[in-house]
1. Report ³J(HN,Hα) in whole Hz for each residue of region 116-124, in order, from the Karplus equation J = 6.51 cos²θ - 1.76 cosθ + 1.60 where θ = phi - 60°; Gly and Pro get x.
2. How large is ³J(HN,Hα), in whole Hz, for each residue of region 145-157 in order, when computed from phi with the Karplus curve 6.51 cos²θ - 1.76 cosθ + 1.60 and θ = phi - 60°, using x for Gly and Pro?
3. In region 38-394, if the dipole is taken from +1 on Lys/Arg beta carbons and -1 on Asp/Glu beta carbons about the Cα centre, which of 296, 269, 111 is farthest to the positive end?
4. Given H placed 1.01 Å from N in the peptide plane, which residues other than close sequence neighbours of residue 361 have an amide H under 5 Å from its amide H?
5. Kindly put 127, 317 in sequence by how many other C-beta atoms sit within 10 Å of each C-beta, fewest to most.
6. Please order 37, 100 by the number of other Cβ within 10 Å, starting at the fewest.
7. State, in angstrom, two size descriptors of region 38-394 derived from its alpha carbons: Rg to one decimal place and Dmax to the nearest whole number.
8. Volume per residue, Å³, of the convex hull around the alpha-carbon atoms of region 79-235?
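Since every read-out is calculated from the coordinates, none of them should be taken as a lab result. Quick caveat, the model's predicted, so the values are computed rather than measured. Every residue, glycine as well, gets a Cβ built from its backbone with ideal geometry; the counts of neighbours run over all protein chains shown.
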Amino acid sequence: MKTGTEKINTASRFIGLGYAPDSPGLGAAGPDGMLQCGFTQVPVIEYVTWTCSLPLTDAEITSTFGDEVDVLQNPKTVIGVDSVDSSFVMNGLLQCDMLCIGFGVHVFGEPFSFTTIGNSIPTNSTHPIWSSDTFTQNDVANFALAPTGTPQELAPPQPAILEWGFPAWEAAWEFANAYQTQWIMQQRYLLINELTADVCYFGPYAEAVAAGTSEVAVQPYALSANTRYRNKGSGSIFQPVGARRVGSLTTAAPASGSNIGVFHPTRDFDLAPVTHGGLRNQGGFANGHPFRKLRQPVLLEKGVPIGILFRVQDETHQKAMQRYMSISESLGGLTALVPFDAQVNGLTGTGPTVGVELTADTTITGAEQQVNTDRVMYKGGAFKLAVLIKGFEVWGAWKQYIVQSWQSQVSMPGVAGVAAPMGMLR
């Protein structure tokens, strides 16, 4: 049985540490000490974190990242979200009354970004293609990349690009500028109503004072991206480059009169240059802190939903965010075939003076060539979104003590009074 004379652990998350309000010797464990402690020492009592592996299907984006994003109130299984990490027994509902000192909105992405070229092949392929840095339509039509009778004959390879990390950071930045962070209390009272970019925290930053040339192995990330695309039902996967095209043959065997490319094996594309860190969104001039301190503490009652949510306020940024998240680049379907222009795209033209390549035959000739200007875009990386609540749990006797202190207008350092349950401390 506690007598009130034991040594008190002031690092606890409870006000009073289980002692009654009239227990002697509380000191820093009482409301006076708790409310005067440094904001960084206030514990994070509750949080919900979403982790999404990109890309998402357009249906998943519409369901979860539409005009309203509710991280706290959604259940622990959310469409399009791979993992929901929560401290709540039921998301958004407290089991114990809480004196809230501040909150945090965290938006994180992959710790680094890279981009590499490759080729798109159908998911039902039985063998890799002769994946070159470039190829022509003659190479496809005359089976210079894959044998006749293979799935690539029905779904010819297309030039592709794999972006890792970059889409997640772009989606995070667009999210922060697309949504308003609102904390609704007492049905209609807006405790917080600010642009998410002004209250959220981005990390990690790329702030190396000195850095060398860095590279990353492409292979494991290609494997991870392809697994994701297969799980989403895409009809294609990404194959990294393993050859360079150095010319073509028309008359020499095994061409048999058909123009085919000449390729040299290479491992120059096994590694890709990588950028460590992420967006430094705040630039040191806005909210560069992980948590936002409230002007005055707020008493949150157990069993009453915490009304923090994100509402869209800029459709331009919202559409950009959805595009970066989308498996189709918001073009529809489960593959992103991206042209460089909506009107001018696809294969280049041909003719006696257009796209003529000198062959590597013994007798040099000119071969008309066409190349595909469209690109299949693949993406990967994690997008994380979290809402966190800082404060102290207030068990029954202490909640009553705080409420009564307001009703009787008893002055306490840091606690002038409680307006009402779920109300601000004024």
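1. Using θ = phi - 60°, the values come out as 9, 9, x, 9, 9, 10, x, 5, 8 Hz.
2. Result, ordered by residue: 9, 8, x, 5, x, 8, x, 5, 6, 7, 10, x, x Hz.
3. 296
4. 250
5. If I rank by nearby Cβ atoms, fewest first, I get 127, 317.
6. So the ranking, lowest neighbour count to highest, is 37, 100.
7. 25.5, 89
8. 200
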